[in-house]
Amino acid sequence: MTDQARAVQRADDAELLNMVRVGDSAAFQILRQRHEYAARRLARDLVATVSDVDDVVAETFAQLLEATQLGGGPSDAFRPYVLTALRQVCDERAGMASQLPVTSSGSLAEAGETASASLIARAFLSLPERWIAVLWHAEIEESGPAEIAPLLGLTPGAVAALRRQAKDSLRRAYLQIYTSDPNQRVVRRHAD
């Protein structure tokens with residue numbers, strides 16, 4: 001392996017995405033190798049058969065390659081972007097892209113949980129892409145700072161600091177969204 005090939009292998013996701021944007025499709029293969037296992041793991045939860053897993057994963061990565069080559073796609077939070085794109089591919093295949101989830105029993109508690117999850121999702125998606133990436137890897141995938149560091153091009157200590165900052169910002173974003181609801185007048189009075 002040449003020094004240049006080793007450097008490409010060690011590049012963080014943001015660097016690899018930039019390489020893809022200038023026409024280096026080999027850089028995308030490295031991204032795919034890094035994140036395909038997580039995509040397959042999620043796909044197994046979302047589709048019925050092994051062949052469907054293969055199909056949705058392949059379709060997701062093909063769409064991401066095309067989008068990235070055209071200058072779109074993520075700038076550094078590649079894994080959360082991949083997994084979100086995979087969910088969209090699965091939804092489109094199921095014909096459910098624009099439908100809201102329906103609770104099985106329709107209970108008030110389930111409706112409240114759905115509303116709360118929606119607020120959390122809105123708060124999460126309002127964060128900068130780098131914070132989304134670190135929270136996704138640390139909280140959802142339960143990866144440690146040493147595992148996350150190469151993906152983001154940071155040191156493990158910087159990852160830990162970024163995670164703390166992102167978690168604090170997520171709390172503030174959630175509170176801001178929650179208190180902006182006109183039905184939460186009492187909460188808004190005490191939010192400060």
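The values are calculated or read from the model by the stated rules, or taken from the named source; none is laboratory data. Model, not experiment: these values are computed from the prediction. Every residue, glycine as well, gets a Cβ built from its backbone with ideal geometry; the counts of neighbours run over all protein chains shown.
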Fill in the blank from the handout: Okay, helices (runs of 4 or more DSSP H) sitting entirely in region 10-103 with 3 or more residues that are acidic (Asp, Glu), more than 19 Å from Arg130 (Cβ to Cβ) and not assigned by TED's automatic domain parsing to the domain that holds Pro150, I get 50-69
Exercise for the section: Please indicate, with yes or no, whether at least one residue in region 171-182 is under 18 Å from the mean Cα position of the chain (by Cα), part of a loop (DSSP other than H, G, I, E, B), modelled with pLDDT of 85 or more and not hydrophobic (A, V, I, L, M, F, W, C). Expected result: no
Exercise for the section: With respect to Val53, determine if the residue is of a type in the set (Val, Ile, Thr) and within 17 Å of the chain's Cα centre (by Cα). Expected result: no
